[in-house]
Amino acid sequence: MGSTEIASDIVRRWLALALETITAHEDELGRLDAAAGDGDHGATMVRGLRAAVAAADKASGSAGHLLAEAGAAFADASGGASGALVGALLSTTGRTLGDGPYNTPAVVAALQAGLKMVMRLGKAQPGDKTLIDALQPFVDTLAAQPLDLPLAEAWWAALPAARQGAEATSAMIARRGRSAKLGERSLGHADPGATSIFYLLQAMDDALGTPSA
(Lines give C-alpha, C1' and ligand atoms only; values in the text may rest on other atoms or scores of the structure.)
Protein backbone atom coordinates (compact mmCIF):
# COMPACT_ATOMS: atom_id res chain seq x y z
CA MET A 1 0.00 0.00 0.00
CA GLY A 2 2.95 2.33 0.40
CA SER A 3 3.32 4.95 3.12
CA THR A 4 1.18 5.14 6.25
CA GLU A 5 -0.81 8.09 4.91
CA ILE A 6 -1.45 6.39 1.58
CA ALA A 7 -2.46 3.17 3.32
CA SER A 8 -4.95 5.02 5.54
CA ASP A 9 -6.42 6.74 2.48
CA ILE A 10 -6.80 3.38 0.75
CA VAL A 11 -8.66 1.91 3.73
CA ARG A 12 -11.10 4.83 3.73
CA ARG A 13 -11.50 4.62 -0.04
CA TRP A 14 -12.08 0.88 0.16
CA LEU A 15 -14.78 1.20 2.81
CA ALA A 16 -16.59 3.83 0.74
CA LEU A 17 -16.38 1.67 -2.38
CA ALA A 18 -17.45 -1.40 -0.40
CA LEU A 19 -20.54 0.42 0.83
CA GLU A 20 -21.32 1.55 -2.71
CA THR A 21 -20.84 -1.96 -4.10
CA ILE A 22 -22.83 -3.78 -1.44
CA THR A 23 -25.64 -1.22 -1.67
CA ALA A 24 -25.82 -1.88 -5.42
CA HIS A 25 -26.09 -5.62 -4.73
CA GLU A 26 -28.28 -5.39 -1.63
CA ASP A 27 -31.33 -6.91 -3.32
CA GLU A 28 -29.30 -9.74 -4.82
CA LEU A 29 -27.79 -10.61 -1.44
CA GLY A 30 -31.24 -10.46 0.12
CA ARG A 31 -32.61 -12.91 -2.45
CA LEU A 32 -29.74 -15.32 -1.87
CA ASP A 33 -30.30 -15.11 1.88
CA ALA A 34 -34.05 -15.59 1.51
CA ALA A 35 -33.39 -19.06 0.10
CA ALA A 36 -32.00 -20.08 3.48
CA GLY A 37 -32.97 -17.45 6.02
CA ASP A 38 -34.91 -14.25 6.47
CA GLY A 39 -33.41 -12.39 3.53
CA ASP A 40 -31.70 -9.65 5.54
CA HIS A 41 -28.06 -10.27 4.61
CA GLY A 42 -27.88 -7.40 2.14
CA ALA A 43 -29.44 -4.97 4.59
CA THR A 44 -27.16 -6.23 7.36
CA MET A 45 -24.06 -5.65 5.26
CA VAL A 46 -25.16 -2.16 4.23
CA ARG A 47 -25.92 -1.21 7.83
CA GLY A 48 -22.54 -2.50 9.01
CA LEU A 49 -20.61 -0.79 6.25
CA ARG A 50 -22.29 2.56 6.89
CA ALA A 51 -21.11 2.35 10.48
CA ALA A 52 -17.65 1.21 9.38
CA VAL A 53 -17.29 4.14 6.98
CA ALA A 54 -18.35 6.59 9.70
CA ALA A 55 -15.92 5.07 12.22
CA ALA A 56 -12.99 5.20 9.81
CA ASP A 57 -13.78 8.79 8.88
CA LYS A 58 -13.69 9.82 12.53
CA ALA A 59 -10.62 7.79 13.47
CA SER A 60 -7.02 8.82 13.03
CA GLY A 61 -3.83 6.84 12.98
CA SER A 62 -2.51 3.95 10.95
CA ALA A 63 -4.39 1.95 8.35
CA GLY A 64 -4.41 -1.00 10.72
CA HIS A 65 -6.03 1.10 13.44
CA LEU A 66 -8.66 2.45 11.04
CA LEU A 67 -9.51 -1.06 9.89
CA ALA A 68 -9.80 -2.33 13.46
CA GLU A 69 -12.10 0.56 14.38
CA ALA A 70 -14.19 -0.04 11.26
CA GLY A 71 -14.53 -3.72 12.13
CA ALA A 72 -15.73 -3.01 15.66
CA ALA A 73 -18.28 -0.51 14.35
CA PHE A 74 -19.43 -2.98 11.69
CA ALA A 75 -20.07 -5.70 14.26
CA ASP A 76 -21.91 -3.34 16.61
CA ALA A 77 -24.18 -1.91 13.94
CA SER A 78 -24.96 -4.96 11.84
CA GLY A 79 -25.77 -7.50 14.52
CA GLY A 80 -26.31 -11.19 13.90
CA ALA A 81 -23.85 -13.96 13.14
CA SER A 82 -22.70 -12.64 9.77
CA GLY A 83 -22.13 -9.17 11.20
CA ALA A 84 -20.01 -10.58 14.00
CA LEU A 85 -17.93 -12.64 11.58
CA VAL A 86 -17.27 -9.85 9.08
CA GLY A 87 -16.57 -7.44 11.92
CA ALA A 88 -14.09 -9.89 13.42
CA LEU A 89 -12.44 -10.35 10.04
CA LEU A 90 -11.90 -6.61 9.65
CA SER A 91 -10.82 -6.05 13.26
CA THR A 92 -8.39 -8.96 13.37
CA THR A 93 -6.88 -8.04 10.02
CA GLY A 94 -6.48 -4.44 11.17
CA ARG A 95 -4.93 -5.30 14.51
CA THR A 96 -2.49 -7.67 12.82
CA LEU A 97 -1.49 -5.04 10.26
CA GLY A 98 -0.98 -2.46 12.98
CA ASP A 99 1.40 0.32 11.97
CA GLY A 100 2.69 -1.56 8.95
CA PRO A 101 4.49 -2.27 6.79
CA TYR A 102 1.66 -2.64 4.30
CA ASN A 103 3.39 -4.73 1.67
CA THR A 104 2.08 -7.97 0.22
CA PRO A 105 3.61 -10.34 2.83
CA ALA A 106 2.25 -8.22 5.71
CA VAL A 107 -1.23 -8.07 4.20
CA VAL A 108 -1.17 -11.83 3.59
CA ALA A 109 -0.24 -12.46 7.23
CA ALA A 110 -3.00 -10.14 8.42
CA LEU A 111 -5.63 -11.78 6.22
CA GLN A 112 -4.50 -15.21 7.35
CA ALA A 113 -5.04 -14.11 10.95
CA GLY A 114 -8.48 -12.76 10.02
CA LEU A 115 -9.41 -15.99 8.24
CA LYS A 116 -8.29 -18.05 11.23
CA MET A 117 -10.43 -15.93 13.55
CA VAL A 118 -13.51 -16.29 11.33
CA MET A 119 -13.06 -20.06 11.14
CA ARG A 120 -12.73 -20.25 14.93
CA LEU A 121 -15.73 -18.06 15.67
CA GLY A 122 -17.95 -19.59 13.00
CA LYS A 123 -16.72 -23.14 13.65
CA ALA A 124 -16.72 -23.63 9.90
CA GLN A 125 -14.37 -25.21 7.40
CA PRO A 126 -14.01 -24.91 3.62
CA GLY A 127 -16.91 -26.69 1.96
CA ASP A 128 -19.44 -25.77 4.66
CA LYS A 129 -21.00 -23.16 2.35
CA THR A 130 -19.98 -20.02 4.21
CA LEU A 131 -17.95 -16.88 3.52
CA ILE A 132 -14.84 -19.00 4.11
CA ASP A 133 -15.37 -20.64 0.72
CA ALA A 134 -14.60 -17.31 -0.98
CA LEU A 135 -12.11 -15.96 1.56
CA GLN A 136 -9.76 -18.92 1.92
CA PRO A 137 -9.10 -19.43 -1.82
CA PHE A 138 -8.38 -15.73 -2.12
CA VAL A 139 -5.98 -15.68 0.83
CA ASP A 140 -4.22 -18.85 -0.35
CA THR A 141 -3.82 -17.47 -3.87
CA LEU A 142 -2.58 -14.12 -2.54
CA ALA A 143 -0.04 -15.94 -0.39
CA ALA A 144 1.21 -17.82 -3.45
CA GLN A 145 2.17 -14.60 -5.27
CA PRO A 146 5.83 -13.51 -5.38
CA LEU A 147 6.76 -11.76 -2.14
CA ASP A 148 8.08 -8.71 -3.97
CA LEU A 149 4.98 -8.28 -6.12
CA PRO A 150 3.19 -4.97 -5.44
CA LEU A 151 0.01 -5.47 -3.45
CA ALA A 152 -2.25 -4.12 -6.21
CA GLU A 153 -0.90 -6.68 -8.67
CA ALA A 154 -1.04 -9.55 -6.18
CA TRP A 155 -4.61 -8.66 -5.18
CA TRP A 156 -5.72 -8.50 -8.80
CA ALA A 157 -4.16 -11.90 -9.48
CA ALA A 158 -5.91 -13.49 -6.49
CA LEU A 159 -9.37 -12.01 -7.04
CA PRO A 160 -10.59 -14.68 -9.53
CA ALA A 161 -10.09 -17.33 -6.84
CA ALA A 162 -12.59 -15.50 -4.61
CA ARG A 163 -15.12 -15.27 -7.44
CA GLN A 164 -14.76 -18.95 -8.24
CA GLY A 165 -15.02 -19.86 -4.57
CA ALA A 166 -18.22 -17.86 -4.13
CA GLU A 167 -19.77 -19.30 -7.27
CA ALA A 168 -18.85 -22.84 -6.20
CA THR A 169 -21.01 -22.55 -3.08
CA SER A 170 -24.14 -22.98 -5.23
CA ALA A 171 -23.18 -26.65 -5.59
CA MET A 172 -22.58 -27.12 -1.85
CA ILE A 173 -24.89 -28.32 0.90
CA ALA A 174 -24.81 -25.92 3.82
CA ARG A 175 -23.37 -27.30 7.06
CA ARG A 176 -23.27 -24.12 9.14
CA GLY A 177 -25.65 -21.29 9.88
CA ARG A 178 -29.39 -21.10 9.31
CA SER A 179 -29.18 -22.65 5.86
CA ALA A 180 -27.77 -25.86 7.36
CA LYS A 181 -31.35 -26.72 8.38
CA LEU A 182 -32.32 -26.97 4.72
CA GLY A 183 -29.93 -29.78 3.84
CA GLU A 184 -30.03 -30.51 0.12
CA ARG A 185 -32.56 -27.73 -0.41
CA SER A 186 -29.66 -25.31 -0.03
CA LEU A 187 -28.29 -26.56 -3.35
CA GLY A 188 -28.52 -24.27 -6.34
CA HIS A 189 -28.07 -21.02 -4.43
CA ALA A 190 -24.75 -19.29 -3.87
CA ASP A 191 -24.00 -18.49 -0.25
CA PRO A 192 -24.78 -14.83 0.50
CA GLY A 193 -21.82 -14.49 2.85
CA ALA A 194 -19.35 -15.83 0.29
CA THR A 195 -20.88 -13.59 -2.35
CA SER A 196 -20.62 -10.47 -0.21
CA ILE A 197 -17.01 -11.29 0.69
CA PHE A 198 -16.20 -11.43 -3.01
CA TYR A 199 -17.78 -8.00 -3.47
CA LEU A 200 -15.71 -6.63 -0.58
CA LEU A 201 -12.51 -8.02 -2.07
CA GLN A 202 -13.48 -6.64 -5.48
CA ALA A 203 -13.99 -3.21 -3.93
CA MET A 204 -10.47 -3.34 -2.48
CA ASP A 205 -9.16 -4.19 -5.93
CA ASP A 206 -10.79 -1.00 -7.16
CA ALA A 207 -9.37 0.97 -4.23
CA LEU A 208 -5.85 -0.29 -4.90
CA GLY A 209 -6.12 0.33 -8.62
CA THR A 210 -6.22 -2.49 -11.16
CA PRO A 211 -2.74 -3.04 -12.62
CA SER A 212 -2.17 -2.27 -16.28
CA ALA A 213 -2.19 -5.26 -18.58
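The values are calculated or read from the model by the stated rules, or taken from the named source; none is laboratory data. Please read all numbers here as calculations on a predicted model, not as lab measurements. Methodologically, a virtual Cβ is constructed for each residue, glycine included, from the backbone with ideal geometry; neighbour enumeration extends over all protein chains shown.
Residues of the stretch 9-54 that are over 22 Å from Asp76 (Cα atoms) and crowded, with 21+ Cβ neighbours inside 10 Å: Ile10, Leu32, Ala36. When the criteria are applied in full, Asp9 fails the requirement of being outside any helix (DSSP H, G or I) and of a type outside the set (S, T, N, Q). Within the stretch 63-98, the residues that satisfy the criterion of being surrounded by fewer than 21 Cβ atoms within 10 Å (Cβ to Cβ) and either among the acidic types (Asp, Glu) or on the phi < 0 side of the Ramachandran plot (or both) are His65, Ala72, Asp76, Ala77, Ala81, Gly83, Ala84, Ala88, Arg95, Thr96. Does Ala59 count as more than 13 Å from Val11 (Cβ to Cβ) and crowded, with 17+ Cβ neighbours inside 10 Å? It is false that Ala59 is more than 13 Å from Val11 (Cβ to Cβ) and crowded, with 17+ Cβ neighbours inside 10 Å.
Yes/no per residue for (1) modelled with pLDDT of 95 or more; (2) farther than 16 Å from Val86 by Cβ:
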site: Ala16; (1), (2): yes, yes
site: Glu26; (1), (2): yes, no
site: Ala36; (1), (2): no, yes
site: Ala51; (1), (2): yes, no
